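Comments concern the structure below.
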């Protein structure tokens, strides 16, 4: 079983005329101004991932600043989720710093979205206290019993498009404040798996926290799969390709290099996500 916890799809008009959407959307321009940054419709994602052997995938939108773009994007994703009910698992995405973000999340969860994410604030620095704007969304995720997927990244190392200012202490406090919410931290949680080794508090705080592998071949050596699984448990790792950024085969090759035990590999490649989403 191969399930992907992290893919992206866009409305057709965004894929075909991306430059029309750069105005007032600095984060979108930052990530997708280069024509080498691929944009795909849900139909294209389904076809490509099917060819790669992926049985089903979580499909994510984009944290636009404009509420009208949230609604259009969500309209496309929920319709795709209905058309490809056995293949796509739609999550709703907003910019949590914008007014109306929690209201849009509630509208989407009522409409049948299976989770929230990938939430990000690429062009802004919200500081160390994330609870004022993420707290209301986390409460909704707890109420509707759906996962909350957050963009994270390491605070050190080289800069790259999509590397945001993410306070790891602030993220830890947010998770601690909502112990009944299932959090998915993208891109290996920006280094937080290391704290799964501490003796007090952190392992309990991470009880319902998952870490996805999105963009791993760009960010870490292959050993990360084995080492992270040892630090937080293989049951907490979710395969996410960030497709179309990278194809699934790149991750499978690196898992081979990491020498994962077969049961760990099975958990990471699908069993963990199936259990989390009740598939």
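Values in this text are rule-based calculations from the coordinates and carry no lab data. Given the structure is predicted, the values throughout are model-derived calculations rather than measurements. All Cβ positions, even for glycine, are placed from backbone atoms using ideal geometry, and neighbour counts span all protein chains on display.
GNM, the chain, Cα, under 10 Å: largest mean-square fluctuation among 201, 44, 139?
Of 201, 44, 139, the most mobile in the Gaussian network model is 201.
Could you list 140, 269 in order of exposure, starting from the residue whose Cβ has the fewest other Cβ atoms within 10 Å?
The fewest-first ordering by Cβ neighbours comes to 140, 269.
Take the Cβ-Cβ distance between residue 71 and residue 253 as r, set R0 to 41 Å, and report the resulting FRET efficiency rounded to the nearest 0.05.
Rounded to the nearest 0.05, the efficiency is 0.60.
Report the relative contact order of the chain, percent, no decimals, based on alpha-carbon pairs under 8 angstrom and at least 6 residues apart.
Dividing the mean separation by the residue count of the chain yields 19 percent.
How many times 2.2 N^0.38 Å is the alpha carbon radius of gyration of region 206-279?
1.02
If you take the square roots of the eigenvalues of the alpha-carbon gyration tensor of region 137-279 and sort them as a ≥ b ≥ c, do you get rounded (a/c under 1.5), prolate (a/b over b/c) or oblate?
It is rounded, given that a/c, with a ≥ b ≥ c, falls under 1.5.
On average, how much area does the Cα convex hull of region 226-269 cover when viewed from any direction, in nm²?
2.9 nm²
Please work out the FRET efficiency for the pair residue 144 and residue 38, using the Cβ-Cβ distance as r and a Förster radius of 30 Å; give the result to the nearest 0.05.
Efficiency computed from Cβ-Cβ geometry: 0.45.
Could you work out which residue, out of 250, 208, 87, moves most in a Gaussian network model of the chain, that is, has the largest mean-square fluctuation with Cα springs under 10 Å?
250
If you take the beta carbon distance between residue 131 and residue 246 as r and set R0 to 41 Å, what does 1/(1 + (r/R0)^6) give as a FRET efficiency, to the nearest 0.05?
0.80
Stick to the Cα atoms of region 66-210, pair each with every other, and give me the Kirkwood hydrodynamic radius in Å at one decimal.
When all Cα pairs of region 66-210 are included, the Kirkwood radius is 15.8 Å.
Note the direction-averaged projected area, equal to a quarter of the hull surface, for the Cα convex hull of the chain, in nm².
Its average projected convex-hull area is 13.2 nm².
So for the pair residue 12, residue 159, with labels modelled 7 Å out along Cα→Cβ, what separation do we get in nm?
Going by the 7 Å Cα→Cβ label model, 3.8 nm.
So how much slack lies between residue 279 and residue 30, counting 0.36 nm per residue of separation and subtracting their Cα-Cα distance, in nm?
Additional length available on full extension: 86.1 nm.
Any idea what the alpha-carbon Rg over 2.2 N^0.38 Å comes to for region 1-65?
Taking N as the residue count of region 1-65, the ratio is 1.20.
Among 107, 145, rank each residue by its count of other Cβ atoms within 10 Å, from fewest to most, as a rough exposure measure.
145, 107
Would you work out if region 1-144 is rounded, prolate or oblate? Take a ≥ b ≥ c from the square roots of the eigenvalues of the alpha-carbon gyration tensor; rounded if a/c is under 1.5, else prolate when a/b is larger than b/c, oblate otherwise.
Oblate is the answer for region 1-144, as a/c is 1.5 or above yet b/c matches or exceeds a/b.
Which order do 163, 199 fall in if you start with the one that has the fewest other Cβ atoms within 10 Å?
199, 163
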